[in-house]
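What follows is calculated from the coordinates using simple rules that are stated; it is not laboratory data. In this text the structure is predicted, and so the values were computed from the model without any measurement. With ideal geometry, Cβ positions are generated from the backbone for all residues, glycine too; neighbour counts draw on all protein chains shown.
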Amino acid sequence: MDERTEFNRLVWHSRRGMLEIDVMLMPFTKLHYKKLISGDQLAYRQLLDCEDQDIWEWLRGFCRPDDGDLARIVDLIRVAVGDLSKPFD
């Protein structure tokens with residue numbers, strides 16, 4: 001599978017069942033995903049395998065993922081969409 005096809009699949013998989021999540025993930029995917037280091041790209045793909053309710057709670061800052069890589073990508077998404085001024089360390 002070529003890179004463009006793989007990216008298009010990722011964009012499609014970034015569409016969720018909740019509009020509130022879509023408005024955060026879709027712009028992030030389209031504008032920032034390709035610029036991420038490979039480890040962060042992997043974490044983003046892992047995030048997409050999580051339940052919508054968990055993703056929503058993480059993206060809104062109600063709680064943080066236990067996994068450090070997931071917590072980092074959530075912070076990066078929140079910074080990119082203007083919901084967080086800087087990522088947690």
Discussion item. How tilted is helix 38-48 with respect to the longest principal axis of the chain? Cα atoms for both, answer in degrees (0 to 90, nearest 10).
Written reply: 80 degrees
Discussion item. Can you show me the helix-derived [θ] at 222 nm for the chain, built from DSSP H runs with n ≥ 4 at -39,500 (n - 2.57) apiece and divided by the number of residues, rounded to the nearest 500.
Written reply: -20000 deg cm²/dmol
Practice prompt. With everything on Cα atoms, drop me the angle between helix 68-80 and the longest principal axis of the chain, reported from 0 to 90° to the nearest 10.
Written response: 90 degrees
Worksheet item: Among I21, I77, which comes first, second and so on when ranked by fewest other beta-carbon atoms within 10 Å?
Response: I21, I77
Practice prompt. Exposed loop trypsin sites (Lys or Arg not before Pro) only (DSSP loop, at most 15 other Cβ atoms within 10 Å): please give the longest stretch of the chain free of them, not including the sites.
Written response: 16-59
Worksheet entry | Charge dipole (debye, nearest 20) of the chain; +1 at Cβ of Lys and Arg, -1 at Cβ of Asp and Glu | 420 debye
Worksheet item: Once the Cα atoms of helix 19-32 and of the chain are each reduced to a long axis, what angle between those two axes, in degrees from 0 to 90 to the nearest 10, is obtained?
Response: 60 degrees
